[in-house]
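What follows is a short report on a single structure.
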Amino acid sequence: MSKKHIIVLALAASLCGSSWAQAQDSGFKQLDEVVVTATKYPVKENLTGKVLTVITKEQLEKSGGKQLGEVLNTQAGLTVSGSQNSLGTPQEVYLQGADAGKTLILIDGIPAYDPSGTNTAFDLNLINTDEVERVEILKGSQSTLYGSDAVAGVINIITRKGKGKPLNASADLSAGSFGTYKLSGGIDGSPGNTSYALQYTHLRSDGISSAYDSSGKGQFDHDGFTENLLMFHLDQRVTEALHLHGHFQWSKYRAGLDAGAYTDDRSNTTGNQNTQFGLGADYALGSGTLHVNYSYNDVTRDYLDDSAQTIASGGTFSSGSYTGKSHYAELYGHFSLAKKVELLVGADYRNQGISQSTLFIYYNSYFPPYGPVSLKSAIGGDSARVRQFAGYASFLLKDLAGFNLELGGRYNSFNKYGNVFTWSVNPSFVAGDRVKLFANLSSGFSAPTLYQLYSQYANPFGELKPERTISLETGVQYSLTHFNARAVFFRRSTTDNIIYYTVDPNFPNGYYMNLDKQKDQGVEVETGVEAGKWTFSGNYTYTTGQVTTPVNGKDSTFYDLYRRPKNVVNLSAGWQADRKLFCSLSLHAVGKRIEPIYGGPPSTFDTYAYYTLNGYIEYKLQSTLKLFADLKNMTNQTFFDIPGYNSMKFNFMAGIYLHL
């Protein structure tokens, strides 16, 4: 798709249709909608200057054929690389031009990490849409409230809870292309002062080849996927003032892999298992509420490529196990100091550790003695550990003749590297309950990962420093009962960027270091309108950025937003024919991106622009039973989200959903 076509689509998006109010939704979000992620306590959206997008329960219920990454990939400012590839593909979240790992994933407001990775990003494959009640996407640096890695924003995945009748039951049975099927079922309820929710999901697919067969011979094998997920919530209201809650979540998947871009491998697999549990309490105290939470998160990834039987003829054996464990505890309180003054004050403690073991066996035919060679490496769980303590506070002055102001600060203390202070200033002004002018000026940081600190690639010449950012988001939102529009300008400056420095490209002897300076900026436009039985929505995002880095002893500046397109357009139209039948059609158009080639900053190439046309239809047989079909890439486009790896051509999921 040409740049001219993308500009035309962008203009169409601004005229006809908001990703925070998708066409599939039952209504459009108004400025008085209550959200929790922006302030860590319930507040109306018209009282905060932060940029917030909500994916509602209604939207998710009409996304039964999609994975969570696919849903996020259509939101303004968000690119989820790999979400349109084979199941199990690592999904990298890029928000407003920031690199992967710079958007913090929250589950029910609690940070979810994988401390064992090169970045700490949580694997979205471990969450299924059937478990999710709603999603709140908070853009801009949120390190003052949420700490490290929230430099581009946070994505708060709010899971389903028990409510309503003493017993509710639901089931989702669906099947589709490439031998894919899903079975999901659960029960929930709220008998008396107790509420509970139990959900189980099984997802399986024969899949497609992860790598693209450029020869066209069709000899690459299919890389399948199998996953099981279990979630349980329990809430107990002990007294009118005291509320206790607990949660447990377990998920595990296994997926086939290939040897790399354009390269098949029939014996390469990966697995990921995640266990989370936590306890918490809320206590009403005078004019406020105290909250205490504890959460434990254990993630174990493994890789196995077993072609050992062919080592003598060039085969290899490789295996790796990576485990990250994290403890998170927090205590915070929200208080109304006066009618128009709110105070949030709190502290949190984080303890993260990793362990790692790898084995690589190959046949040495170059130097005597010839024969199999084994290479091993390990990181111990006792020594590879980081502890962090932080205290934070924010004041909210609200509705002073339409003016609101939030001020916040956070002090972070680490046992491994330097301490960090972050701040935020968020003014907004609402006129006539229709127009909101807003700004979010804030600082942020991203701490070095445990892998960067303790692996064989740790800096031998000194300690790494946290990356630091200064961010600005500013814009305007206009809201009516059946119309909503928002335009946002964002800009972020990063110093002490952590990069992998290669000493000699022919040998794996590089290390991590602080070096680059990064600047990213862009524009988001979102609109939505409801007209009788029709709803239209759309968004357009323009993103650009550049890095300044030493090259041959001199500073060099170049565009470096790898896998992050400059132009993205999403358009959607929905038709509610009657109380039973709903149909929608959506377009996802992505402009050119650049892909890095190892060997230096100039070594990049363009990936082609592409578009996908997608459809959805549901028919309610009765109030508790519906049939649905989700159609993706209906024009059967061949495109590459990641060069050398297959993205899905035409595919579908169809099924039945029952709720009692």
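Pairs meeting the criteria (first residue in segment 258-273 and in a strand (DSSP E or B), second residue of a type in the set (F, W, Y) and modelled with pLDDT under 90, beta carbons under 7 Å, at least 6 apart or on different chains) are lacking. The test for being surrounded by 24 or more Cβ atoms within 10 Å (Cβ to Cβ), of a type outside the set (D, E, K, R) and under 25 Å from G644 (Cα atoms) holds for L95. Applying the condition of being basic (K, R) and closer than 28 Å to K50 by Cα to segment 119-176 and asking which residue is surrounded by the most Cβ atoms within 10 Å (Cβ to Cβ) yields K139. The selection criterion, being more than 27 Å from R491 (Cα to Cα) and hydrophobic (A, V, I, L, M, F, W, C), holds for L183. Checked against (1) out of contact with any helix residue (DSSP H, G or I) (no Cβ under 6 Å at 6 or more places or on another chain); (2) modelled with pLDDT of 90 or more, N484 meets all criteria but (1).
Of everything in segment 358-390 that is outside any strand (DSSP E or B) and within 21 Å of P448 (Cα to Cα), the residue that is modelled with the highest pLDDT is A384.
Filtering L515, L437, L453 for residues that are in contact with a strand residue (DSSP E or B) (Cβ under 6 Å, 6 or more places away or on another chain) and either at pLDDT below 95 or within 27 Å of V80 (Cα to Cα) (or both) leaves a single hit, L515.
The single condition among (1) modelled with pLDDT under 95; (2) under 19 Å from S184 (Cα atoms) that A629 does not meet is (1). With the requirement that a residue be surrounded by 23 or more Cβ atoms within 10 Å (Cβ to Cβ), among the hydroxyl-bearing types (S, T, Y) and over 16 Å from Q388 (Cβ atoms), what does segment 429-450 give you? Within segment 429-450, just S442 meets the criteria. Looking only at segment 398-440, how many residues end up being within 30 Å of S326 (Cα to Cα) and among the aliphatic types (A, V, I, L, M)? Looking only at that region, the number is 2. Of the residues G176, G140, G224, the single one that is farther than 26 Å from N646 by Cβ and not charged (D, E, K, R) is G140.
Residues of segment 198-221 that are touching a strand residue (DSSP E or B) at 6+ places or on another chain (Cβ under 7 Å) and either surrounded by fewer than 17 Cβ atoms within 10 Å (Cβ to Cβ) or outside any loop (DSSP other than H, G, I, E, B) (or both): L198, Q199, Y200, T201, H202, L203, R204, S205, A211. Taken together, the residues in segment 248-283 that are modelled with pLDDT under 95 and farther than 20 Å from L229 by Cα amount to 12.
The strands (runs of 3 or more DSSP E) falling completely within segment 49-163 that include 1 or more residues that are under 25 Å from A261 (Cα atoms) map to 78-81, 92-95.
Candidates in segment 507-546 are the residues that are in contact with a helix residue (DSSP H, G or I) (Cβ under 8 Å, 6 or more places away or on another chain) and among the hydrophobic types (A, V, I, L, M, F, W, C); of these, the one that is farthest from L561 (Cα to Cα) is V529.
Go through segment 25-48 residue by residue and tally those that are among the aliphatic types (A, V, I, L, M), in a loop (DSSP other than H, G, I, E, B) and touching a helix residue (DSSP H, G or I) at 6+ places or on another chain (Cβ under 7 Å).
Of the residues in that region, 1 qualify.
Would you confirm, using the coordinates I've provided, whether Q84 is in contact with a Lys or Arg (Cβ under 9 Å, 6 or more places away or on another chain), polar (S, T, N, Q), under 26 Å from Y303 (Cα atoms) and surrounded by 24 or more Cβ atoms within 10 Å (Cβ to Cβ)? Criteria met by Q84. If V529 satisfies every condition in (1) of a type outside the set (K, R); (2) buried (at least 23 other Cβ atoms within 10 Å of the Cβ); (3) under 30 Å from L581 (Cα atoms) but one, which is the exception? For V529, the failing item is (2).
The values are calculated or read from the model by the stated rules, or taken from the named source; none is laboratory data. These numbers were taken from a predicted model, which means no experiment stands behind them. Positions of Cβ are generated from backbone atoms using ideal geometry, with glycine treated the same way; all protein chains shown enter the neighbour counts.
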